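The values are calculated or read from the model by the stated rules, or taken from the named source; none is laboratory data. Note that the structure is a prediction, hence the values are computed from the model and not measured. Every residue, glycine as well, gets a Cβ built from its backbone with ideal geometry; the counts of neighbours run over all protein chains shown.
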Amino acid sequence: MTDTDSFVFVVDDDDSVRRGLARLIQSAGYRVETFGSARAFLDRIDSVTGPACVVLDVRLPDLTGLELQRELKGALPVIFITGYGDIAMTVGAMKAGATDFLAKPVRDTDLLRAIGQALECAAQAHAVRCEMEAIRLRLRRLTPRELEVMALVVTGRLNKQVAGELGTVEKTIKAHRARVMSKMEVTSLAELVRVADKAGVGHAAETHAPR
């Protein structure tokens, strides 16, 4: 993953720690931005669009690192670094979704390894979000009737069966089906089924499918 693909945020109230971590992270080829408080970071986070992670100190002047982790609600992978960690705190952070919990002074290799793993998770999550957004945009192209046809077709119904359920003729369903395939940018029924499954289209129709 290159520096143009990912972003690492460092949140620590110690200026010397922030500078040191920033130099290390930049030397590994990542873009980095540092913050001295949780609130300053939260003000920035809404504008993040690509893969990113946060290296977070447990003790901050406004919110604790654990409180900030809860505020993020899983939006970014979190790597905790602290000189005050204990077993209970570590367990709590990991249960809440932290990807790692490192004790200060952190070894460079350990931190860079943790960042690499966190960004890999972030990239996968970002790819899923992008795919879902693309699917939602394609679905918006469909007319209400085309959406009905898609919901029935992906359950395995034949064109003739779909026509019967919708009170029309098979030729019309074939035309709708062709437009659905075009607008959803798929070339096979298998692709359409996969996309529909991701979007939750067809589940209700499947429940009421004829036995």
Of the conditions (1) within 18 Å of Leu119 (Cβ to Cβ); (2) at pLDDT 90 or above, the single one that Thr49 does not satisfy is (2)
Does Leu152 qualify as being part of a loop (DSSP other than H, G, I, E, B) and surrounded by 15 or more Cβ atoms within 10 Å (Cβ to Cβ)?
no
Taking region 1-34 and keeping only residues that are in contact with an Asp or Glu (Cβ under 8 Å, 6 or more places away or on another chain), in a strand (DSSP E or B) and surrounded by fewer than 22 Cβ atoms within 10 Å (Cβ to Cβ), one is left with Phe7, Phe9, Arg31, Thr34
Checking Val169, Val149 in turn, the sole residue that is more than 30 Å from the chain's Cα centre (by Cα), at pLDDT 95 or above and assigned by TED's automatic domain parsing to the domain that holds Ala199 turns out to be Val169
Taking the criterion of being in a loop (DSSP other than H, G, I, E, B) and more than 17 Å from Phe7 (Cα to Cα), would at least one residue in region 65-82 satisfy it? yes
In region 155-164, anything under 37 Å from the mean Cα position of the chain (by Cα) and surrounded by 13 or more Cβ atoms within 10 Å (Cβ to Cβ) is listed as Thr155, Arg157, Asn159, Val162
Residue hits (region 126-181; within 30 Å of Ala75 (Cα to Cα) and free of Cβ contacts under 8 Å to residues at least 12 places away in the same chain) are Ala127, Val128, Arg129, Cys130, Glu133, Ala134, Leu137, Arg140
In this structure, is Ala123 assigned by TED's automatic domain parsing to the domain that holds Val54 and at pLDDT below 95? yes
